[in-house]
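**Q** I have a structure I would like to understand better, so I am pasting it below and will then ask my questions one at a time.
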Amino acid sequence: MSHSLYGKSILDLTEMTKAELLSIIELAVAIKAQPDDYRQALAGKILAMIFEKNSTRTRVSFEAGIIQLGGQAIVLDSKSTQMGRGEPVKDTAKVLSGYVDGIMIRTYSDQMVQELAAQATVPVINGLTDHHHPCQILADFQTIYEVKGKLEGLKLAYIGDGNNIAHSFLIGGSLVGMDIAIATPKGYEPKPEFIEIAQKNAAVSQSNIEISHNPVKAVEQADVLVTDVWASMGNEAEQKEREAVFQEFQVNQQLAAFAKEDYLFLHCLPAHRGEEVTAEIIDGTHSAIYQEAENRLHAQKALLVTLMQK
Ligand code: CP
Ligand code: NVA
């Protein structure tokens, strides 16, 4: 089976159409239901995985995923490779392309990943950068679809930092026709360039994009309620300062009461209970965080098959 995204890189969710995104979710659901049907889907293929930031879920789900599809992974970190000693990205991209069939990278700079993808002759997958986390949002959409039976027409409220997760929800949600309401403290809004992309998508999909500093208004009548850490990887030095600024943006019982009665709570994890979300909410009956984490495996297997299977 040949997919329209075969051989392409996925650095953020602007790189796929609504139909392509939905077909990945559909494939993820099929792979989850019948994993044995896909045991040889990527037989003999090798995925290089580069980590310049920590990871539990991305590391294990990608490695388990490629193995379950019949392939293998090679895990690299910048410290033990020549990348850490300043070898040009171009040379790394060209050299790795001669050895492996795909590259997954988790790093800081989006620009670096763009250069890597431009120079590589194999697909490059963004496993989290400062501005995007597309694989997380694919897994989240699969989870929302499993629980709610649809994506289009739902309202998703994201409360907290206008970070990589917020950007990927903005782009992906507006593409599939979800209403996206984001509430952040002043100075922590999503980047204007990604809001603009979302507004353009929303004009096509007839959805609403609402960026505010008002968590209650954002959560009102939401079907899905999402938050993320206040200080992402790379912002650790601002932890204390952010704790003070973000107090009113905690997802707790009082705030969740404004959502729909059957709201779904998601968090990409790792979480800080008592900071961005109370234990009562994240460990409560509306939360699907472990299903969401498991779906990283299925959604990424679907993505790997889509990009790497001829
Ligand atoms: N959600 C997520 O990407 O988790 P890791 O940082 O553990 O990979
Ligand atoms: N926004 C978080 C997500 C971690 C999976 C970070 O970038 O650290």
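**Q** Taking the dipole about the Cα centre of the chain, with the C-beta of Lys and Arg at +1 and of Asp and Glu at -1, give me whichever of 67, 216, 100 is farthest to the positive side.
**A** So the residue we want is 100.
**Q** Report the convex hull volume per residue for region 1-60, counting only C-alpha atoms, in Å³.
**A** 131
**Q** While we're on this one: When the helix-only estimate is applied to the chain (DSSP H runs of n ≥ 4, each -39,500 (n - 2.57), divided by the residue count), what is the mean residue ellipticity at 222 nm, nearest 500 deg cm²/dmol?
**A** Working: 12 runs with 129 residues, N = 310.
Mean residue ellipticity, 222 nm, calculated: -12500 deg cm²/dmol.
**Q** Take every Cα pair under 8 Å in the chain that's 6+ residues apart, average their separations, divide by the length, and report that relative contact order as a whole percent.
**A** Reported as a whole number, the value is 22 percent.
**Q** Over region 69-228, what is the relative contact order in whole percent, taking alpha-carbon pairs under 8 Å and six or more residues apart? Walk me through the numbers on the way to the answer.
**A** Details: 267 pairs, mean separation 29.1, N = 160.
Relative contact order of region 69-228: 18 percent.
**Q** For region 216-297, would you read off the P(r) tail past 14 Å as a percentage of all alpha carbon pairs? Write out the running numbers ahead of the final one.
**A** Values: 2064 of 3321 pairs.
In whole percent, the share of Cα-Cα pairs in region 216-297 beyond 14 Å is 62.
**Q** Cross-link candidates for residue 45: which lysines have Cα within less than 17 Å, leaving aside residues fewer than 8 places away along the same chain?
**A** Once the sequence-local lysines are set aside, what remains near residue 45 is 8, 301, 310.
**Q** So what's the gap between the Cα centers of region 1-62 and region 95-166, to the nearest angstrom?
**A** Answer, in whole Å: 10.
**Q** Using the charge dipole of region 166-310 (Lys, Arg: +1 at Cβ; Asp, Glu: -1 at Cβ; taken about the Cα centre), state which of 181, 199, 264 has its Cα farthest towards the positive end.
**A** 199
**Q** Quick check on the chain: what are the equivalent-ellipsoid semi-axes from the Cα gyration tensor, as sqrt(5λ), descending, whole Å?
**A** Equivalent ellipsoid semi-axes, largest first: 31, 22, 18 Å.
Values quoted throughout were computed directly from the atomic coordinates according to the rules given, and no laboratory measurement underlies them. Only a predicted model underlies this, so the values are computations on that prediction, with no experimental measurement involved. Reconstructed Cβ throughout: ideal geometry from the backbone, glycine too, with neighbour counts over all protein chains shown.
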